[in-house]
Amino acid sequence: MVMDIKHLGVFCAAAFAAMSVAAKIELVAPASNAVVRQMHTLQREYSKAPWAECEKYFDGAENAAKLKKRGSNPVPVKLQWNGEAEEYLVTVRRLPDGKIAFAQVVATNCVEVDSLDIGTEWEWTVSAGDDKLIGCFKTEDHLPRLVRMTGTDNCRDIGGRCGLDGRRIRQGLVYRTAGLNSNAPMDYYSNDEIFELEKSGKLEKMGSQGEKLHKKLAAGEKLSSHAIRNGLVKRCRFAPGKRRFSDREVARILAAYGIRSDIDLRSANECYGMTGSPLGPSVKWFNISYRAYTGAFDDKGRAINKKVFDVFMDGDNYPIVFHCIGGADRTGTVAMLLEALLGVPEDELWRDYLTTGFTGRVSDQRHKKMFGEAIGCLKKYPGATLAEKAEAFFIKLGFTKDDIHRLRERLLER
């Protein structure tokens, strides 16, 4: 959560000047040079566990409810001090560049700061009148870097994971989330209605989704509730999806993460009535209806991927947030392709995908099978390593080796 000083200077200067002279300040926590955690114990255990262990969190056990209740937000870092002043100016700066992540005048002896870069040293100061104390701490180097966007969930930085030549993906450049606003309200055909459409011979004529459901039924497959619920739209109510962020939260998100581009992977129906990003006119909005998992690898899927990754290839678009509605399937496929190209090993691709389990999504064998099939499609491309296979896939999309090199240099630490 790194904030540009220009968003803070005028306010903080005026507020600090108005402070009363304080009694001596004593820093309490965190201890000097302490390593602080930004993940709950259950989040930490889950994020490091293999798939078989992750599944145990969703089998009705007590941990499942606890993990879902904890959700996908980071645990805040609590800064505490003693003193008798009426107000304090608190700042948190990233080291070594000194960029401000937090600056606020408070009337308490404690503040909470979240979404800080992982594995990073920080300087924090508390000031009142002429009294000022400085402390230091370090955030735990534990993946992933969860970030907070109040109003949606499943938000995290793809940065921090190791890629090619042991170089880590830079933090603060690419974020993946759930939807930044709700889908446009839609009515779906019920189970009974779908079966009646099939009996009358109409289902297979109702677009690609109708044809897909028809083939499943014709093959004797049992339709899951997910396939029916999300498979065939009966009608769109012709109204944009509801806002998920207040104006104040939008301002905080822009200041904290500096988002410049929003890649919205939802369909035209889901985005009905939208003309731009929910984060406002300062953010470029790219609405690209995406096909998840194996659908990303056929001719149509590759054409769509070219549009998506054209956005990533343009350095003027960063920082970027990309999402669908849940941040699991379409978002997970784009994240897998991007991270594979950057050299992230296969087990870490799975770990990033599984982090969506904090919300209760991707928690079943169906998702495991689909994600595994998508990685299997990528493995069919030539190359000795997964990164080389991803490079071959991106060249198939129409990108050059120079394009790929520039993207890697932009997103990987030196």
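Scan the range 247-272 for residues that are touching a residue at least 24 places away in the same chain (Cβ under 8 Å) and of a type in the set (A, V, I, L, M, F, W, C) and jot them down.
Hits for the range 247-272 are Val250, Ile253, Leu254, Ala255, Ala256, Ile259, Ile263, Leu265, Cys271.
Only one residue in Met39, Met3 is under 26 Å from Ala251 (Cα atoms), at pLDDT below 85 and among the aliphatic types (A, V, I, L, M), so which one is that?
After applying the criteria, what remains is Met3.
Looking at Val344, Val311, Val362, can you tell me which residue is of a type in the set (A, V, I, L, M) and at positive phi?
Val362
Kindly evaluate Gly129 against the criterion of being more than 22 Å from Arg330 (Cα to Cα) and free of Cβ contacts under 8 Å to residues at least 12 places away in the same chain.
Criteria not met by Gly129.
Here are the criteria: (1) closer than 30 Å to Met313 by Cβ; (2) modelled with pLDDT of 95 or more; (3) of a type outside the set (Phe, Trp, Tyr); (4) out of contact with any Phe, Trp or Tyr (no Cβ under 6 Å at 6 or more places or on another chain). Tell me which single one Gly241 does not satisfy.
So the condition that Gly241 fails would be (2).
Per-residue answers, yes or no, for (1) modelled with pLDDT under 85; (2) assigned to a loop (DSSP other than H, G, I, E, B); (3) under 17 Å from Ala101 (Cα atoms):
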| position | (1), (2), (3) |
| --- | --- |
| Phe16 | yes, no, no |
| Val21 | yes, yes, no |
| Val28 | no, no, no |
| Arg44 | no, no, no |
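Restricting attention to the range 69-93, report how many residues are over 17 Å from Arg148 (Cβ atoms) and of a type outside the set (Phe, Trp, Tyr).
Summing the residues that are over 17 Å from Arg148 (Cβ atoms) and of a type outside the set (Phe, Trp, Tyr) in the range 69-93 gives 11.
Can you tell me how many residues in the range 36-57 are of a type outside the set (Ser, Thr, Tyr) and surrounded by fewer than 18 Cβ atoms within 10 Å (Cβ to Cβ)?
Total satisfying the criteria: 12.
Looking at Ala128, Ala103, Ala184, can you tell me which residue is in contact with a strand residue (DSSP E or B) (Cβ under 8 Å, 6 or more places away or on another chain) and under 16 Å from Leu254 (Cα atoms)?
Ala103
Specify the residue that is nearest to Arg94 (Cα to Cα); the eligible residues are those in the range 117-152 that are at pLDDT 95 or above, part of a loop (DSSP other than H, G, I, E, B) and out of contact with any Lys or Arg (no Cβ under 8 Å at 6 or more places or on another chain).
So, considering only residues that are at pLDDT 95 or above, part of a loop (DSSP other than H, G, I, E, B) and out of contact with any Lys or Arg (no Cβ under 8 Å at 6 or more places or on another chain), the one nearest to Arg94 (Cα to Cα) is Asp141.
Pairs under 9 Å by beta carbon, first residue without any contact (Cβ under 8 Å) to a residue 12 or more places away in the chain in the range 275-298, partner part of a loop (DSSP other than H, G, I, E, B) and of a type in the set (A, V, I, L, M, F, W, C), six or more apart or different chains?
Gly276/Val283
Starting from residues that are touching a helix residue (DSSP H, G or I) at 6+ places or on another chain (Cβ under 7 Å) and not charged (D, E, K, R), keep the ones in the range 175-188 and report whichever is surrounded by the fewest Cβ atoms within 10 Å (Cβ to Cβ).
Tyr188
Specify the residue that is farthest from Thr333 (Cα to Cα); the eligible residues are those in the range 165-214 that are in a loop (DSSP other than H, G, I, E, B) and of a type in the set (S, T, N, Q).
That would be Ser200.
For the range 252-274, how many residues meet the condition of being of a type in the set (A, V, I, L, M, F, W, C), over 16 Å from Asn181 (Cβ atoms) and surrounded by fewer than 18 Cβ atoms within 10 Å (Cβ to Cβ)?
Residues meeting the conditions: 1.
Residue check: is Gly163 buried (at least 20 other Cβ atoms within 10 Å of the Cβ), over 18 Å from the mean Cα position of the chain (by Cα) and farther than 23 Å from Ala31 by Cα?
yes
Please go through the range 139-187 and pick out each residue that is among the charged types (D, E, K, R) and either in contact with a Leu (Cβ under 9 Å, 6 or more places away or on another chain) or closer than 28 Å to Glu270 by Cα (or both).
Arg145, Arg148, Asp153, Arg156, Asp157, Arg161, Asp165, Arg167, Arg168, Arg170, Arg176, Asp187
Return the only residue of Lys99, Lys78 being under 22 Å from Ile118 (Cβ atoms), surrounded by fewer than 17 Cβ atoms within 10 Å (Cβ to Cβ), touching a helix residue (DSSP H, G or I) at 6+ places or on another chain (Cβ under 9 Å) and touching a residue at least 24 places away in the same chain (Cβ under 8 Å).
Selected residue: Lys99, the only one of Lys99, Lys78 that is under 22 Å from Ile118 (Cβ atoms), surrounded by fewer than 17 Cβ atoms within 10 Å (Cβ to Cβ), touching a helix residue (DSSP H, G or I) at 6+ places or on another chain (Cβ under 9 Å) and touching a residue at least 24 places away in the same chain (Cβ under 8 Å).
Output the residues belonging to the range 275-286 that are crowded, with 19+ Cβ neighbours inside 10 Å and either in contact with a Lys or Arg (Cβ under 8 Å, 6 or more places away or on another chain) or not in a loop (DSSP other than H, G, I, E, B) (or both).
Answer for the range 275-286, where residues must be crowded, with 19+ Cβ neighbours inside 10 Å and either in contact with a Lys or Arg (Cβ under 8 Å, 6 or more places away or on another chain) or not in a loop (DSSP other than H, G, I, E, B) (or both): Ser277, Pro278, Val283.
For the range 93-116, give me each residue that is part of a loop (DSSP other than H, G, I, E, B), within 18 Å of Pro74 (Cα to Cα) and of a type outside the set (A, V, I, L, M, F, W, C).
Scanning the range 93-116 gives Asp114, Ser115.
Got a sec? Which of Thr331, Thr355 is within 21 Å of Cys162 (Cα to Cα), modelled with pLDDT under 95 and in contact with a strand residue (DSSP E or B) (Cβ under 9 Å, 6 or more places away or on another chain)?
When all the criteria are applied, what remains is Thr355.
The values are calculated or read from the model by the stated rules, or taken from the named source; none is laboratory data. On a predicted model such as this, the values are computed, not experimentally measured, just so you know. Virtual Cβ from ideal backbone geometry, glycine too; neighbours counted across all protein chains shown.
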